[in-house]
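Coordinate-derived values only; no laboratory data. Predicted, not measured: the structure shown is a model, and the values here were computed from it. Virtual Cβ from ideal backbone geometry, glycine too; neighbours counted across all protein chains shown.
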């Protein structure tokens, strides 16, 4: 039985996405966030389970992220220079599924009974393989799929919401479950390895389903899709020229900065919760409660972001959310040691982060449309890769800031009582830095006016193509 044709969105653009397509597409983000979520927990694993110094862990993470960020740009160039007629993006989901499983398990098999130098070398190699090679080879093509899958801004927004929701599910399962589950399994290194195996298998399944349902298609009026070999492949732009063009796209630069800021925030939140619970509240098992309570604002955020976009638009939605995060994070300074006070205010900050999770890809897609308007070339892969560069640097800084703050405070993972310096370090990466990030992102949204210009830009692009 033939499927009922889809209609047009409110801008008159043909729709191509059904619920099954949204779900399958979102599983790619589930897989990516599973990998990044487990990496986010490695600071605690390395310091408290593998007995590695906090400063060394932070430095290794930062170096890995810098290398990782450059591989994003390389991968974007590889994708953009795929031969015409071949699929550029989808095949990478299949190629990287099994390697992802293997390296996820290896993350937690740090050798014991060896010198710290050997442990650090092992940490470095396994993190590079996961984040700089496997994660990048999935993330850049997957991020580009949002741009080529549909030209409908409405459907891109929905894809962003589905992706963010799926990604947050994996992140919350890790945040809520990893400490209680690994403690239940014995709390030792073997317990963490078992947890890694379980999530690794889920990553493989998610990538295979996403690959099966993904399509690389362009929207044409009255048609749902064109096969990849029938699409217009733009001529690849030399890497140096493409990068120069991007830095002359002021909107892309704004998104780059916002991506760095938001990923610093995500990196801190992924690594800091267990330290806040252990060192400020006195019980690392409270991490599970903290994560469980955080599910409510997360759910509300995903429900609210769609109506917010329809009512306010993409940019104003981000402006409102960053303002909420800025104010509620500032209020935590009043009493930073009270569990429920900080947990409740933290719920508002969690809510404030949801729209950015949903709309980062949509905002990047806007800047890619602007590339075509200003330079005549979209440069999809390079644009996503360079944005990924900022994201990787940001998340690396976020995770490393936690370790560096603890190192400055002379943190000892085996100490039973936190010193005043350690407590101040936790407040720094748990409250003060996130507050600064919200302020910077709020200011940037005040100057981002591209959304209102998109309709006239697309009309101009269509006229140029018609004239050709």
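A few comments on the model shown:
- FRET efficiency, residue 112 to residue 292 (Cβ-Cβ, R0 25 Å, nearest 0.05): 0.20
- Computed extension gain for residue 463 through residue 443, at 0.36 nm per residue and net of the alpha carbon distance, reaches 3.7 nm.
- Gap separating the Cα centres of segment 44-111 and segment 141-205, nearest whole Å: 15 Å
- Tail beyond 31 Å, pair distance distribution of segment 19-461 (Cα, percent): 37 percent
- Working from label points 7 Å from Cα in the Cα-to-Cβ sense, the residue 51 to residue 98 distance is 3.7 nm.
- The stretch between residue 248 and residue 81, if pulled fully straight at 0.36 nm per residue, gains 57.9 nm over its current Cα-Cα span.
- Shape class for segment 49-119: oblate, because the ratio a/c of the largest to smallest gyration tensor axis (alpha-carbon atoms, square roots of eigenvalues) is 1.5 or more and b/c is at least a/b.
- Mean separation of Cα contacts under 8 Å, 6 or more apart, over the residue count of the chain: relative contact order %: 27 percent
- Cα-based helix-to-principal-axis angle, 433-445 vs the chain, degrees rounded to 10: 10 degrees
- Ordering of 18-28, 356-366, 60-70, 186-196 by packing is 356-366, 60-70, 18-28, 186-196, highest average first (other Cβ atoms within 10 Å, averaged per residue).
- Adding -39500 (n - 2.57) for every DSSP H run of four residues or longer, then dividing by how many residues the chain holds, sets the calculated 222 nm ellipticity at -24500 deg cm²/dmol.
- Footprinting exposure proxy for 451, 460 (fewest neighbouring C-beta atoms within 10 Å first): 460, 451
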